[in-house]
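Note sheet for the following structure.
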Amino acid sequence: MLLLSIHNLSLPIEDPVLKFLLVLIIILAAPLLLNKIKVPHLLGLIIAGAIIGPNGFNVLSRDSSIVVTGTTGLLYIMFLAGLEIDMGDFKKNKWKSLTFGIYTFTVPFVLGFLGGYYLLHFSLLTAILFASLFSSHTLIAYPLVSKLGIAKNTAVNITVGGTMITDVLALLVLAIIVGMSQGEVGTAFWVKLSVSFIIFALIVLLIFPIIGRWFFKKVDDKISQYIFVLVMIYLAALLAELAGVEAIIGAFFAGLALNRLIPHTSSLMNRVEFVGNAIFIPFFLISVGMLIDFKVFFSSWETLEAAAIMLIASIGGKYLSAVATQKTFRLTKEEGKLIFGLSSASAAATLASVMVGYNIIISETETGEPVRLLNEHVLNGSILLILVSCTISSFISMASAQKIAESDNEDTVSGNNHEEENILLAINHEETVERMVNLGILIKAHSNTEDLYALNVINEDKNESSVKNAEKLLHQATDAASAADVKLQALKRYDNDVVNGINNVIKEQKITDLIIGLEDSKGFSPSFVYNLYNGYLQNDDVNILVYHAAQPISTIKKYAVMIPANSHKEAGFFHALLRVWNIARNSGATITFYAPENILDILQKIIKKANIEAEFIIMNTWKDGEKTASKLGEDEALIVLMAKQGMQSYIPQMRLMPELLNRNLKNNNYLLIFPFSEYDKNTAEKRSVGNHGDFVEIGNIIKKIFK
């Protein structure tokens, strides 16, 4: 009783602590309870919102606090869709996305117009606005699909791209109909809408990346970086509203703008996804549920009639659009179902359009009652549409996504298709630790989760200060990896010789790749060059990567990759090439390959499997490559495939590369990769295009490893 009196637990609950606690309990309990009966927790949150909302037991009111947090969740969904889209795949599938966007806008629109105009007898303007409600969709199941690891699937990519197109078109219809209903449509209206939208798109897509790149270079604080991302989301949303379209379009554009600045494997991406999926998106789903009022469907035949037509137009239209897309591009049956599942949910844009139409009064009856552009039957019907469509979307998306994920796993995990991958970071300087961890995460394959090691060799008479320094560096490396949700194994070793200690760990842990970081101020020192050629490179079955990071790896726009003649004949060539492509694939940066013509032919035959943006320039001599390297611009980086003496691709000029880099690229990132010269028969199978020349097989190997 004391507790009741203290908190004054009259309904709806007003105490902010208790309100937030209740919502958190719902967010926590929904997945735990519903996973056992295989009900998507997204649907559970919507149902929970209906039960506790003002139309249910009235436990909580849908006040400003719920609306603000829920709006952030809605923007977050659209932002993540733009942020996680693979730009290489997006450009590759842009015409497919455009085609799907046209299908998924036109088919539901036609069905909705016929139902509204001929069955519900709406006016022409009302029928057009009514039809546009079903053309848009909300990617409410996208977090579920992303969690299953198939966000880069072609069907997902097509759907996300099509979402932008159909939502923009639907919201433009809303803006036009509202203007026409208020008598504002004319030449000035069209010019204003077109110009403002173009200016908005240019600001977000061109200026936002410049601001983001500058910010990430200057600010290392992780909290500040995350707050900056939130600022960009809301700023883009505000600019979209000023341009005359809905805020969700701005959030999606913000995701596209920051796509290349937030690598998919980075700690910032992990932080962005974590907070969104843990707090903001669940709040949005609960807030949507609070709008549902089941009582209205038993009190009015007109509401049921409107709801039935809305369900047929929306769900039926999205299904026909998905089938048409599947048939047009010869996708699998499950991919067609996934497109339907993702695109069938109506929530954000539909709700926005209904509320705008409902609030516009076009005339009054003789009794003084307002005549609205969209009546209360459409408003109530839209609530049922949201509930049913979100239910269908959740179940269909989860079922098809699981089957696609299982199919991918069968192709990549069963058998011995994976090359063994163990990456060792030889850390010795505090300023290089986080940069080396970021590179290690970037080059690794997604399928491997426990293949990253950090080593510090203590060789200063094992005194207490050196031990504490080693523990500090290893702790720093572990924290950096954990922030990206990657498990890193910290290794501490005592040895009088650092190189010897590293080489012993390479043998003990069956290391495939060794990353060594260079200090910014020193670059290649004489002692380092000596240890490199007379120590580290004595390992014949390990890739050696020497890394210099003058700026965050996420801010690199473009990589120039130099490949010397005969590199394709080396045993470790394709293993090294996978590292290069993983950098591009996981960071979104573009790549320019400089290599002899015969190697470029090989790359072009297998590049389609990698889905990265690349161009190819013939490099006739090593000197041509050196000239290119010395002329790198700001935010550009260099990757060079090297060789040690005795290898087929070795040339004497390679010995001068450290001096060239010290002289010309102090302010640029660069990476030297020394591919291994032979395989350890116990850890890997020998594959060399120089031996069998089977480009198709190599392409399949690369495709499988990428997955």
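Structure values in brief
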item	result
One residue from Glu246, Glu273, Glu241 being touching a residue at least 40 places away in the same chain (Cβ under 8 Å) and more than 20 Å from Leu144 (Cβ to Cβ)	Glu246
Residue within region 137-145 that is open to solvent by 10 Å² or more (accessible area, probe 1.4 Å) and more than 14 Å from Met78 (Cβ to Cβ) present	yes
Failed item, numbered, when Ile362 is tested on (1) touching a helix residue (DSSP H, G or I) at 6+ places or on another chain (Cβ under 7 Å); (2) under 22 Å from Ile177 (Cβ atoms); (3) open to solvent by less than 60 Å² (accessible area, probe 1.4 Å)	(3)
Selection count where residues are under 15 Å from Ile583 (Cβ atoms) and part of a loop (DSSP other than H, G, I, E, B), scope region 533-555	3
Top-ranked residue of region 258-309 - restricted to ones that are touching a Gly at 6+ places or on another chain (Cβ under 9 Å) and outside any helix (DSSP H, G or I), ranked as surrounded by the fewest Cβ atoms within 10 Å (Cβ to Cβ)	Asp293
Residue list for region 225-239, restricted to those being open to solvent by 60 Å² or more (accessible area, probe 1.4 Å) and under 19 Å from Arg260 (Cβ atoms)	Val231, Leu235
Complete set of residues in region 175-224 that are open to solvent by 70 Å² or more (accessible area, probe 1.4 Å), within 24 Å of Arg271 (Cβ to Cβ) and not in a helix (DSSP H, G or I)	Asp220, Asp221
Residue count, region 310-337 (criterion: open to solvent by 30 Å² or more (accessible area, probe 1.4 Å) and either among the hydroxyl-bearing types (Ser, Thr, Tyr) or at pLDDT below 90 (or both))	4
Spans of strands (runs of 3 or more DSSP E) in region 564-680 with at least 1 residues β-branched (Val, Ile, Thr) and open to solvent by less than 40 Å² (accessible area, probe 1.4 Å)	590-595, 636-641, 669-674
Verdict on Thr72 being assigned to a helix (DSSP H, G or I) and in contact with a His (Cβ under 9 Å, 6 or more places away or on another chain)	no
Subset tally (residues that are hydroxyl-bearing (Ser, Thr, Tyr) and closer than 20 Å to Val168 by Cβ) for region 55-111	7
Segments classed as helices (runs of 4 or more DSSP H), wholly inside region 94-168, with at least 3 members that are closer than 18 Å to Cys390 by Cβ and under 16 Å from the mean Cα position of the chain (by Cα)	142-147
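The values are calculated or read from the model by the stated rules, or taken from the named source; none is laboratory data. These numbers were taken from a predicted model, which means no experiment stands behind them. Note that each Cβ is placed from the backbone with ideal geometry, even for glycine, and that neighbours are counted across all protein chains shown. With ligands, DNA and RNA removed, areas are computed over all heavy atoms of the protein, side chains included. Shrake-Rupley method; radii C 1.70, N 1.55, O 1.52, S 1.80 Å.
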